[in-house]
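The values are calculated or read from the model by the stated rules, or taken from the named source; none is laboratory data. Remember, it's a predicted structure, so these values are computed and weren't measured experimentally. Heads up, the Cβs are rebuilt from the backbone with ideal geometry, glycines too, and the neighbour counts pull from every protein chain shown. When the accessible area is computed, the model is the full protein with side chains, heavy atoms only, and any ligands, DNA or RNA have been set aside. Shrake-Rupley method; radii C 1.70, N 1.55, O 1.52, S 1.80 Å.
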Amino acid sequence: MKKMIVISVMATLLTVSTVFGVAYASGVIKIQVNGKQVSTDVAPRKINNRVMVPISFVSKALGAYVAWDDKTQTVSVKSIGIPHENVWNENMNKMGVFNVAAVNNAVQVFMAGMDTGSEDLLNKSTTDMDVELLKQLHFSMGPIMLSTKIMDMKTIKNAEEYKVRVAIQTWSDKPTIDYWDLTVGVSPTIKDGNTVSKGGKMEFTVKKREEVKSVPIDALRVFPGYTYTNGL
(Lines give C-alpha, C1' and ligand atoms only; values in the text may rest on other atoms or scores of the structure.)
Protein backbone atom coordinates (compact mmCIF):
# COMPACT_ATOMS: atom_id res chain seq x y z
CA MET A 1 0.00 0.00 0.00
CA LYS A 2 1.39 3.36 -0.96
CA LYS A 3 1.11 6.12 1.57
CA MET A 4 2.14 9.70 1.17
CA ILE A 5 2.65 11.82 4.25
CA VAL A 6 3.48 15.49 3.99
CA ILE A 7 5.80 16.43 6.82
CA SER A 8 7.87 19.40 7.87
CA VAL A 9 11.17 19.59 5.97
CA MET A 10 13.45 19.84 8.97
CA ALA A 11 12.14 17.21 11.35
CA THR A 12 9.32 15.22 12.80
CA LEU A 13 8.36 14.50 16.38
CA LEU A 14 8.96 10.98 17.62
CA THR A 15 7.48 9.33 20.69
CA VAL A 16 9.36 6.55 22.46
CA SER A 17 8.44 3.23 20.82
CA THR A 18 9.77 -0.25 20.12
CA VAL A 19 11.68 1.15 17.15
CA PHE A 20 13.07 4.45 18.37
CA GLY A 21 14.38 5.61 21.71
CA VAL A 22 15.65 9.06 22.61
CA ALA A 23 17.94 9.54 25.61
CA TYR A 24 19.79 12.42 27.20
CA ALA A 25 23.37 12.18 28.40
CA SER A 26 25.43 15.21 29.41
CA GLY A 27 23.12 17.45 27.40
CA VAL A 28 23.61 15.39 24.21
CA ILE A 29 20.57 13.75 22.63
CA LYS A 30 21.18 10.15 21.61
CA ILE A 31 18.98 8.05 19.33
CA GLN A 32 18.59 4.31 19.60
CA VAL A 33 17.00 2.03 17.00
CA ASN A 34 16.04 -1.38 18.36
CA GLY A 35 18.44 -0.89 21.25
CA LYS A 36 21.42 0.22 19.13
CA GLN A 37 22.72 3.77 19.28
CA VAL A 38 22.91 5.41 15.86
CA SER A 39 24.23 8.70 14.59
CA THR A 40 22.61 11.10 12.13
CA ASP A 41 23.97 13.68 9.71
CA VAL A 42 22.03 16.37 11.53
CA ALA A 43 21.98 16.27 15.32
CA PRO A 44 18.60 15.91 17.06
CA ARG A 45 17.37 18.99 18.88
CA LYS A 46 15.04 19.69 21.73
CA ILE A 47 12.68 22.57 20.96
CA ASN A 48 9.89 23.58 23.34
CA ASN A 49 10.16 20.28 25.19
CA ARG A 50 9.85 18.34 21.94
CA VAL A 51 12.64 16.20 20.53
CA MET A 52 13.09 16.79 16.80
CA VAL A 53 15.01 14.39 14.55
CA PRO A 54 15.87 14.52 10.81
CA ILE A 55 13.08 13.20 8.60
CA SER A 56 15.52 11.32 6.35
CA PHE A 57 16.76 9.30 9.31
CA VAL A 58 13.24 8.38 10.38
CA SER A 59 12.20 7.41 6.88
CA LYS A 60 15.22 5.22 6.16
CA ALA A 61 14.90 3.49 9.52
CA LEU A 62 11.28 2.62 8.63
CA GLY A 63 12.23 1.47 5.14
CA ALA A 64 10.60 4.34 3.25
CA TYR A 65 11.55 6.60 0.36
CA VAL A 66 11.84 10.38 0.76
CA ALA A 67 11.19 12.93 -1.99
CA TRP A 68 11.52 16.72 -1.92
CA ASP A 69 9.05 18.98 -3.75
CA ASP A 70 10.65 22.39 -4.11
CA LYS A 71 7.48 23.98 -5.50
CA THR A 72 5.30 23.11 -2.52
CA GLN A 73 8.20 23.06 -0.03
CA THR A 74 7.23 19.66 1.31
CA VAL A 75 8.86 16.33 1.96
CA SER A 76 6.88 13.30 0.79
CA VAL A 77 7.47 10.00 2.55
CA LYS A 78 6.39 6.90 0.64
CA SER A 79 6.33 3.62 2.48
CA ILE A 80 7.44 0.49 0.64
CA GLY A 81 6.94 -3.14 1.44
CA ILE A 82 3.95 -4.51 3.32
CA PRO A 83 2.58 -1.90 5.73
CA HIS A 84 1.26 -2.58 9.22
CA GLU A 85 -2.52 -2.49 9.50
CA ASN A 86 -4.96 -3.27 12.31
CA VAL A 87 -7.84 -4.66 10.26
CA TRP A 88 -10.26 -6.02 12.86
CA ASN A 89 -8.92 -4.67 16.17
CA GLU A 90 -9.50 -7.91 18.09
CA ASN A 91 -7.28 -8.93 21.00
CA MET A 92 -6.06 -12.37 19.90
CA ASN A 93 -3.83 -13.13 22.91
CA LYS A 94 -6.34 -15.72 24.08
CA MET A 95 -5.58 -17.71 20.92
CA GLY A 96 -2.32 -19.01 22.37
CA VAL A 97 1.10 -19.41 20.76
CA PHE A 98 0.54 -23.00 19.58
CA ASN A 99 -2.60 -22.11 17.66
CA VAL A 100 -0.97 -19.00 16.19
CA ALA A 101 1.97 -21.11 15.01
CA ALA A 102 -0.35 -23.80 13.61
CA VAL A 103 -2.45 -21.25 11.70
CA ASN A 104 0.70 -19.55 10.40
CA ASN A 105 2.07 -22.89 9.20
CA ALA A 106 -1.16 -23.67 7.36
CA VAL A 107 -1.19 -20.24 5.73
CA GLN A 108 2.45 -20.44 4.61
CA VAL A 109 2.05 -23.93 3.14
CA PHE A 110 -1.15 -22.85 1.39
CA MET A 111 0.52 -19.75 -0.05
CA ALA A 112 3.45 -21.84 -1.31
CA GLY A 113 0.99 -24.24 -2.90
CA MET A 114 -0.88 -21.39 -4.57
CA ASP A 115 2.33 -19.85 -5.89
CA THR A 116 3.73 -23.09 -7.31
CA GLY A 117 0.55 -24.98 -8.15
CA SER A 118 1.73 -27.87 -5.96
CA GLU A 119 -1.07 -30.39 -5.52
CA ASP A 120 0.65 -31.96 -2.53
CA LEU A 121 0.94 -28.67 -0.61
CA LEU A 122 -2.62 -27.67 -1.44
CA ASN A 123 -4.03 -31.04 -0.39
CA LYS A 124 -2.23 -30.82 2.97
CA SER A 125 -3.26 -27.23 3.68
CA THR A 126 -6.91 -27.11 2.52
CA THR A 127 -10.27 -28.63 3.40
CA ASP A 128 -13.35 -28.62 1.15
CA MET A 129 -11.64 -26.57 -1.56
CA ASP A 130 -11.27 -27.37 -5.26
CA VAL A 131 -7.56 -28.18 -5.47
CA GLU A 132 -7.65 -28.64 -9.23
CA LEU A 133 -9.02 -25.11 -9.62
CA LEU A 134 -6.49 -23.67 -7.16
CA LYS A 135 -3.65 -25.30 -9.10
CA GLN A 136 -4.71 -23.40 -12.22
CA LEU A 137 -4.42 -20.02 -10.50
CA HIS A 138 -0.64 -20.01 -10.19
CA PHE A 139 1.50 -18.08 -12.68
CA SER A 140 2.63 -20.58 -15.31
CA MET A 141 6.08 -19.00 -15.79
CA GLY A 142 7.07 -19.52 -12.15
CA PRO A 143 6.53 -18.23 -8.62
CA ILE A 144 5.65 -14.54 -8.25
CA MET A 145 5.06 -14.14 -4.51
CA LEU A 146 8.14 -12.30 -3.27
CA SER A 147 6.89 -12.32 0.32
CA THR A 148 3.73 -12.89 2.32
CA LYS A 149 2.64 -11.59 5.70
CA ILE A 150 -0.26 -12.20 8.07
CA MET A 151 -1.73 -8.74 8.61
CA ASP A 152 -4.38 -9.58 11.19
CA MET A 153 -6.72 -12.29 12.47
CA LYS A 154 -10.16 -12.42 13.99
CA THR A 155 -12.17 -15.19 15.61
CA ILE A 156 -15.01 -16.83 13.70
CA LYS A 157 -15.50 -19.80 16.02
CA ASN A 158 -13.63 -19.85 19.31
CA ALA A 159 -10.37 -21.86 19.15
CA GLU A 160 -11.59 -23.63 16.00
CA GLU A 161 -11.92 -21.16 13.14
CA TYR A 162 -10.36 -17.81 12.26
CA LYS A 163 -10.35 -15.27 9.48
CA VAL A 164 -6.82 -14.33 8.43
CA ARG A 165 -5.90 -11.25 6.36
CA VAL A 166 -2.79 -12.02 4.29
CA ALA A 167 -0.76 -9.51 2.26
CA ILE A 168 1.35 -10.65 -0.67
CA GLN A 169 4.15 -8.74 -2.37
CA THR A 170 3.83 -9.92 -5.95
CA TRP A 171 4.50 -8.99 -9.54
CA SER A 172 3.41 -9.93 -13.04
CA ASP A 173 3.01 -6.84 -15.22
CA LYS A 174 3.82 -4.48 -12.33
CA PRO A 175 4.50 -4.56 -8.58
CA THR A 176 1.42 -4.93 -6.40
CA ILE A 177 0.46 -5.84 -2.86
CA ASP A 178 -2.47 -8.24 -2.97
CA TYR A 179 -4.73 -8.83 0.02
CA TRP A 180 -6.59 -12.07 0.68
CA ASP A 181 -8.90 -13.14 3.48
CA LEU A 182 -8.49 -16.80 4.38
CA THR A 183 -10.87 -18.80 6.54
CA VAL A 184 -8.67 -21.16 8.54
CA GLY A 185 -10.05 -23.84 10.83
CA VAL A 186 -9.13 -26.98 12.76
CA SER A 187 -8.84 -29.93 10.38
CA PRO A 188 -11.54 -32.57 10.81
CA THR A 189 -10.45 -35.87 12.33
CA ILE A 190 -10.88 -39.16 10.55
CA LYS A 191 -11.61 -42.36 12.47
CA ASP A 192 -10.45 -45.66 11.06
CA GLY A 193 -11.14 -48.36 13.64
CA ASN A 194 -9.07 -47.42 16.67
CA THR A 195 -7.01 -44.89 14.71
CA VAL A 196 -7.84 -41.18 14.75
CA SER A 197 -5.93 -38.94 12.35
CA LYS A 198 -6.13 -35.79 10.24
CA GLY A 199 -5.94 -37.86 7.07
CA GLY A 200 -2.66 -36.29 6.00
CA LYS A 201 -3.93 -32.76 6.60
CA MET A 202 -2.22 -30.12 8.70
CA GLU A 203 -3.61 -29.31 12.16
CA PHE A 204 -5.29 -26.21 10.71
CA THR A 205 -6.34 -25.94 7.08
CA VAL A 206 -7.66 -23.23 4.77
CA LYS A 207 -11.36 -23.58 4.03
CA LYS A 208 -12.02 -20.47 1.98
CA ARG A 209 -10.10 -17.80 0.07
CA GLU A 210 -11.43 -14.34 -0.74
CA GLU A 211 -9.57 -11.74 -2.79
CA VAL A 212 -9.93 -8.39 -0.98
CA LYS A 213 -7.94 -5.95 -3.14
CA SER A 214 -4.82 -5.48 -5.25
CA VAL A 215 -2.86 -2.27 -4.76
CA PRO A 216 -0.32 -1.13 -7.42
CA ILE A 217 2.83 0.32 -5.85
CA ASP A 218 6.14 1.80 -6.97
CA ALA A 219 8.42 -0.75 -5.34
CA LEU A 220 8.44 -3.97 -3.35
CA ARG A 221 10.94 -4.03 -0.49
CA VAL A 222 11.44 -7.72 0.20
CA PHE A 223 14.39 -7.34 2.58
CA PRO A 224 16.97 -4.56 3.17
CA GLY A 225 19.20 -5.70 0.32
CA TYR A 226 16.49 -6.23 -2.32
CA THR A 227 13.87 -3.83 -3.64
CA TYR A 228 11.92 -4.73 -6.78
CA THR A 229 10.66 -1.92 -9.03
CA ASN A 230 9.97 -3.41 -12.47
CA GLY A 231 11.69 -5.73 -14.88
CA LEU A 232 13.30 -9.03 -13.92
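Just give me the residues in the range 97-126 being without any contact (Cβ under 8 Å) to a residue 24 or more places away in the chain and either buried (at least 18 other Cβ atoms within 10 Å of the Cβ) or more than 25 Å from LYS213 (Cβ to Cβ) (or both), in sequence order.
Hits for the range 97-126 are VAL97, PHE98, ALA101, GLY113, SER118, GLU119, ASP120, LEU121, LEU122.
Which of the numbered conditions does ARG165 fail, given that it passes all the others? Conditions: (1) open to solvent by 40 Å² or more (accessible area, probe 1.4 Å); (2) among the basic types (Lys, Arg); (3) modelled with pLDDT of 95 or more.
Of everything listed in (1) open to solvent by 40 Å² or more (accessible area, probe 1.4 Å); (2) among the basic types (Lys, Arg); (3) modelled with pLDDT of 95 or more, ARG165 misses just condition (1).
When you scan the range 55-62, do you find a residue that is assigned to a strand (DSSP E or B) and small (Gly, Ala, Ser), even just one?
no
Does the range 29-41 contain any residue that is closer than 26 Å to ILE150 by Cα and either part of a strand (DSSP E or B) or touching a Ser or Thr at 6+ places or on another chain (Cβ under 7 Å) (or both)?
Yes, the range 29-41 contains a residue that is closer than 26 Å to ILE150 by Cα and either part of a strand (DSSP E or B) or touching a Ser or Thr at 6+ places or on another chain (Cβ under 7 Å) (or both).
If you go through the range 60-80 one residue at a time, how many are open to solvent by less than 80 Å² (accessible area, probe 1.4 Å), under 22 Å from SER147 (Cβ atoms) and touching a Ser or Thr at 6+ places or on another chain (Cβ under 8 Å)?
Qualifying residue count for the region: 4.
Return the residue satisfying two criteria in turn: it lies in the range 127-159 and is of a type in the set (A, V, I, L, M, F, W, C) and assigned to a helix (DSSP H, G or I), and of such residues it is most open to solvent (accessible area, probe 1.4 Å).
LEU133
Is it the case that some residue within the range 184-191 is in a strand (DSSP E or B), touching a residue at least 60 places away in the same chain (Cβ under 8 Å) and within 26 Å of SER147 (Cα to Cα)?
Yes, the conditions are met somewhere in the range 184-191.
Take the residues in the range 42-54 that are assigned to a strand (DSSP E or B) and of a type in the set (Val, Ile, Thr), then tell me which one is surrounded by the most Cβ atoms within 10 Å (Cβ to Cβ).
Once the filter is applied, the top-ranked residue is VAL53.
Test of understanding: among ASN89, ASN104, ASN99, which residue is outside any helix (DSSP H, G or I) and either within 25 Å of LYS163 (Cβ to Cβ) or in contact with a helix residue (DSSP H, G or I) (Cβ under 9 Å, 6 or more places away or on another chain) (or both)?
Among ASN89, ASN104, ASN99, only ASN89 is outside any helix (DSSP H, G or I) and either within 25 Å of LYS163 (Cβ to Cβ) or in contact with a helix residue (DSSP H, G or I) (Cβ under 9 Å, 6 or more places away or on another chain) (or both).
For the range 216-229, which residues satisfy the criterion of being assigned to a strand (DSSP E or B) and exposed (fewer than 12 other Cβ atoms within 10 Å of the Cβ)?
Once the filter is applied, which keeps residues that are assigned to a strand (DSSP E or B) and exposed (fewer than 12 other Cβ atoms within 10 Å of the Cβ), the range 216-229 yields PRO216, PHE223, TYR226.
Out of all the residues in the range 192-215, which are charged (D, E, K, R), touching a residue at least 60 places away in the same chain (Cβ under 8 Å) and in a strand (DSSP E or B)?
LYS207, LYS208, ARG209
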